[in-house]
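Take a look at the structure below.
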Amino acid sequence: MNPLVLWFHKLGSPPYFYRFAGRLLPWFWGAALAGLAIGLYGGLVLAPADYQQSDAFRIIYVHVPSAWMSLFIYAFMAVNGFIALVWRIKLSETLAMAAAPIGAAFTFICLATGSIWGKPMWGTWWTWDARLTSELVLLFLYLGVLGLHQAIEDRRQAARAAAFLALIGIVNLPIVHFSVNWWNTLHQGDTVKLFGPSLIDSRMLWPLLVMAVATKFLFAASLLSRARVDLLELESGKDWARQIALAEERA
Amino acid sequence: MNSPIPLEAPPLLEARGLAYLRNDEPIFGPLSFRLGAGEVVLMEGDNGSGKTTLLKVLSGLLQASTGTVLLNGEPLTLARLSHQVALLGHLLGIKGELSPLQNLRFAIGLGGLRSGITPHQALKSVGLEGYEDVALRQLSAGQKKRVALARLLLVPAALWLLDEPYANLDREGITLVNRLLELHAMRGGAALITSHGAYAYTSGTPRRLQLRGQEAAA
Amino acid sequence: MSYGSTTSACRALLQRDLSLVWRQRGDALNPVLFAVMVVALFPFALGPEPTMLARIAAGTVLVALLLAGLLSLDALFRSDLEDGSLEQLVLSPHPLALLLACKIAVHWLTTALPLLLVAPLLGELLYLPQPVLPVLMVALVLSTPLLSLIGAVCVALTVGMRRSGMLLALLVLPLYVPVLIFAAGACNAAQQGLPVLAPLLWLGAGLALALVLAPLACAAALRISLS
Amino acid sequence: MSEFVSMGGYGGYVWSAIAIFLVTLALEAAAPLLKRRRVLRELRGRLRRARKSNEENT
């Protein structure tokens, strides 16, 4: 068999994944914290104030990376949910369900900071603009996935049901976004374009990109530590989990 | 005898290394057994030994954690549940608001009809003649069970999976179940029935399987 | 032996479910009563001025019908689960998606159709402008089956839970948002004398898609829930 | 320095947004650590029970 396929196969086994994730974790946490420190310093200190929004624009450094993460994590959850449903891989179920609370946290941050940004800029805490509303629906979808996962007794069945809901949600999200856009739009246009010239000063841009990378590492670190604990709980009848419990007791 | 040895037909039902886990706790198995045409097997086990779960796995309602179920030598999959299995569970699958006759007509629509029998005849053979049009709600628990047994007679399933068929039945009802099982076996059908041991399948010498949580012995 | 065709299985299911509803025809009025009461609350809360009520009329009727539908959704598989009929349905050799489509159709006929019939009355209570009424009715005809279909998938996911009411609402409402937006959008456009065709066509497209996909999704969800 | 804190008069908004970001993520990161302690405690309890029943049997 192809060595890469073989490695993936091995990674799917919970004890191997547990050790593998344990080795990666310190690096991910380190990269995340360093990235956050650099990104926030760059965004709050080094970047010049915006000529229209003055210093209020600096909320962008937490708002926009959170918004990106909220969508990125949902996609991650849905892909893993799909794998879990089709191939019934335990690791994918665990990863999908471990991602949901992290995604909900980022969605919440995006909504809260967006609302705080809106107060000085638009004069209200909340406007029913398309992107904010879509983000609110996204939060409900996350909460639905988490609620369904919690409500079912059997852990694996719960993961499959919630993964299925996540998949329905991913069909629904573009429809929601389209419909809400059609319904009302007030929001400013995209400030950062991945392709083509950007509308923002490079001194303002790089901290944003650093923050985007740092939040990815933060997600990866949190995801791995959640997945490790969930696997330990899920496999508490197996030998490897017992050995870990005993080793921790001795330490 | 020089006639060529016929290839042995695959058994009606075969379980190979069948096990079911819930939250990684084994409910039953691994378990292997075969059930041929004309056989009635009594599955004995205490409460919580996984009898009901086993029947759900064998019928295709649940997917086994490991192992396979073969029906006539072909693996059972969700996509291809066959006409060959009829399940009678703790919940009888009949509507209290409707009459026995209406319930049976619905069962026929859903599962098909065995040749040479009508709903009226089926009700008669379970001793419910004259109750055809009474709302099921007004019948006793034992009579409801008889309606569910009449359903088994009507649908063209060769394999019966009966979960505690003797529960709620009086002595006469127990004899009735045994008579139906005998008849079914004589026609070339097969049945797997569960019991926690309080009642016994009396006629003939049925094979017994012991189900004890993790391991099972034939 | 006759194994019975899928058509006869669907017919048997439709016949059984309809006669069950007929036996409890009093219950079929509950969603209607609920919708009337919700609509009647708005004048109390907002005051009886006709101009203001006329402005919110279409949206209020839509939301009242949506909530009434949500309330009745819970019963879609409940009794079948409790008496074991759902197991028999899943075990039947016919395509489960098709059988579920029949159940959803009966559910729509018996809960949404009565609501559709009282919708003009509800509009009248709130001084709905005459020209908006036909648009509202078309929007309702297109959106109520859509709501039933989407709702059925979520019910299938929560089937077997003892207290599923709040969770069901949480699962269903985000999925209902686009339907509500387009249905209300059409009514608002009609009220302002703008063209109404686009949102209605979007609803129609959604309905066509859901008619095909929702029963399949519902069957898959039910299989997960029953395992 | 005070200029940095006041953020051109938007200090309250900017700093509360940053605070929400950091606090939410800190709580989110702490959750698996707490759960890990609980899971390990339960696992050890199970092992102890198993050991005890083993001793009683032999």
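Annotations for the structure displayed:
- Under 5 Å from the amide H of B:L113 lie the amide H atoms of C:S2, C:Y3, C:G4, each residue being 5 or more positions distant or on a separate chain, with H modelled from the backbone and absent for Pro and chain starts.
- When the protein assembly as shown is described by a simple charge dipole with +1 on each Lys and Arg Cβ and -1 on each Asp and Glu Cβ, the residue from A:P26, B:H83, A:S70 located farthest towards its positive end is A:P26.
- The angle separating the long axis of helix A:14-41 from the principal Cα axis of greatest extent in chain A is about 20 degrees.
- Given charges at beta-carbon only (K, R positive; D, E negative), |dipole| of region A:73-189 in Debye: 200
- Only alpha carbons enter this Debye calculation for region A:71-171, each as an equal point scatterer, and the log10 of I(q)/I(0) it gives at q = 0.21 Å⁻¹ is -0.94.
- Across all Cα pairs in region A:13-136, the calculated P(r) in 5 Å bins from zero up to the longest distance comes to 2, 10, 14, 17, 17, 14, 10, 7, 5, 3, 1 percent per bin.
- Pair-distance distribution P(r) for region B:92-156, from all Cα-Cα distances in 5 Å bins starting at 0: 4, 22, 36, 25, 11, 2, 0 percent.
- Annotation: region C:6-124 has a Kirkwood hydrodynamic radius of 16.0 angstrom, from the mean reciprocal C-alpha pair distance.
- The ranking of B:H184, B:H90 by Cβ neighbour count inside 10 Å, starting from the fewest, reads B:H90, B:H184.
- Rg to Rh, two decimals, where chain C supplies the alpha carbon set and Rh follows Kirkwood: 1.01
- Taking the Cα centre of chain C as origin and assigning +1 to Lys and Arg Cβ atoms and -1 to Asp and Glu Cβ atoms, the resulting dipole is close to 200 debye.
- Among the listed pairs A:K10/D:K35; A:K90/A:K238; B:K95/B:K144, a Cα-Cα separation exceeding 18 Å is found for A:K10/D:K35.
- Radius of gyration and Dmax over the Cα atoms of chain A, both given in Å: 20.4, 62
- C-alpha long axis of helix D:11-57 to longest principal axis of chain D, angle in °: 0
- Taken residue by residue and averaged, Cβ atoms of other chains lying within 10 Å of the Cβ of C:8-17 number 4.
- Packing-based exposure ordering (other Cβ within 10 Å, fewest first) of A:M97, A:M204, C:M52: C:M52, A:M204, A:M97
- Between region C:97-136 and region C:1-72, the Cα center-to-center distance that results, in Å: 7
- Converting the Cα gyration tensor eigenvalues of the protein assembly as shown into ellipsoid dimensions via √(5λ) gives semi-axes, longest first, of 53, 39, 20 Å.
- Selection from D:A17, D:N54, D:A29, by position along the positive dipole direction of chain D (Cβ): D:N54
- Spin-label model distance (nm) - B:E132 vs D:L34, 7 Å beyond Cα toward Cβ: 6.6
- FRET efficiency for A:D239 and C:Q130, using Cβ-Cβ distance with R0 set to 60 Å, rounded to 0.05: 0.20
- Across peptide A:97-108, the mean count of Cβ atoms from other chains lying within 10 Å of each residue's own Cβ comes to 2.
- Only the Cβ atoms of Lys and Arg (+1) and of Asp and Glu (-1) were treated as charged; on that basis the dipole of the protein assembly as shown about its Cα centre amounts to roughly 1400 debye.
- CD proxy at 222 nm, helix term only [per DSSP H run n ≥ 4: -39500 (n - 2.57); per residue of the protein assembly as shown; nearest 500]: -22000 deg cm²/dmol
- With R₀ fixed at 45 Å, the C-beta to C-beta distance from B:T66 to C:S5 puts the FRET efficiency at about 0.80.
Read-outs throughout are calculated quantities, based only on the coordinates presented, and are distinct from any laboratory measurement. Everything numeric here is computed off the predicted structure, so don't read it as measured data. With ideal geometry, Cβ positions are generated from the backbone for all residues, glycine too; neighbour counts draw on all protein chains shown.
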